[in-house]
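Nothing in this text is a laboratory measurement; each read-out follows from the coordinates by a stated rule. Bear in mind the structure is a predicted one, so any value in this text is a computation, not a measurement. Virtual Cβ from ideal backbone geometry, glycine too; neighbours counted across all protein chains shown.
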Amino acid sequence: MLASLAKQYPDVRCELDFTTPLELLAATVLSAQCTDRRVNKVTPELFARYPDAASYAGADRETLETVVASTGFFRQKAATLQGIGQVLCDRYGGEVPAILDELVTLPGVGRKTANVVLGEAFGVPGITVDTHVARLARRFGWTTQSDPTKIEADLMALFPRKDWTRMSQLVIWHGRRRCHAKKPACGACNIAKWCPAYGAGPTDPVTAEKLVKDQGPA
């Protein structure tokens, strides 16, 4: 199934724009309850204003809130970014750590966010159990769990460590483009023959193809 998803999405990548671990960490914080596309519209100004941990730590809260306002939950997100900046300065010399146990000590950073940063910024394999991965892993029969930590453990047992980050990317792309929550494009899916949930959406290729999105959600 993973090999077929890789053929379906040969250009798979993280859809958050970033150039440094700190930028990815900030973008991932903003992506909670927000689309990557919206985050990518906000981050150029954010990254220009706050290029390092110290600038987040010393940010004027109202200004920071204004910059991230369109991503939703902006007061909490601004507080989280400021808190992360302070802890990075206090404990890690202003640098984002490349160790999961250290990343999850940062304000607002759980295993999902930590694994995104590890996999995409540091090349350390990690499984990102976001809403798409959790939903599709159950739909595919890869897990019966609902708790993200238990889902992560099940997927870790199924896939070689080297594939963890790419597997997460592929499943997220598939969830955004074809395997939708309410009406999956079953007839336009190249892993349909292995999928226990085949038929949950239209199986006619023409009908299903109309449901396919060419990119992540707006």
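When segment 79-218 is described by a simple charge dipole with +1 on each Lys and Arg Cβ and -1 on each Asp and Glu Cβ, the residue from Phe140, Gly126, Ser168 located farthest towards its positive end is Phe140. What does the extension gain come out to for Asp90 and Thr207, with contour length at 0.36 nm per residue minus their alpha carbon separation? Additional length available on full extension: 36.6 nm.
Helix 36-49 and the longest principal axis of the Cα set of the chain meet at an angle near 20°. With neighbours defined as other Cβ atoms within 10 Å of a residue's Cβ, the residues Leu81, Leu158, Leu88 order from fewest to most as Leu158, Leu88, Leu81.
With unit charges on the beta carbon (Lys/Arg positive, Asp/Glu negative), name the residue among Thr149, Val39, Gly58 whose Cα is farthest towards the positive pole of the charge dipole of the chain. Positive-most Cα among the choices belongs to Thr149. For a modelled paramagnetic label at Lys41, 7 Å from Cα along Cα-to-Cβ, the residues of segment 67-86 in reach, with backbone nitrogen under 11 Å, are 70-71. The packing ranking, built from the mean of other Cβ atoms within 10 Å per residue, places the peptides 7-15, 56-64, 113-121 in the order 113-121, 56-64, 7-15, highest first. Taking 37 °C and 0.692 mPa s as conditions, segment 21-121 diffuses translationally at an estimated 249 µm²/s according to Stokes-Einstein applied to its Kirkwood radius (Cα pairs). In a DSSP loop and with at most 11 other Cβ atoms within 10 Å, there are no trypsin sites (Lys or Arg not before Pro) in segment 68-108.
Taking segment 128-209, how much of its Cα-Cα pair set, in percent, is spaced more than 14 angstrom apart? Counting every Cα pair in segment 128-209, those more than 14 Å apart make up 60 percent. Using the structure shown, select from Lys7/Lys41; Lys112/Lys162; Lys41/Lys213 the pairs with a Cα to Cα distance greater than 26 angstrom. Pairs exceeding 26 Å: Lys7/Lys41.
Counted by neighbouring Cβ atoms within 10 Å, the residues Leu106, Leu16, Leu100 run from fewest to most as Leu100, Leu16, Leu106.
Among Met156, Met1, sorting on how many other beta-carbon atoms sit within 10 Å of each Cβ, with the fewest leading, yields Met156, Met1. The simple Förster model, with R0 at 30 Å and r as the Cβ-Cβ distance, assigns Asp214 and Ser146 a FRET efficiency of 0.45. Computed over neighbours whose Cβ is under 13 Å from that of Gly126, the net charge equals 0, Lys and Arg +1, Asp and Glu -1.
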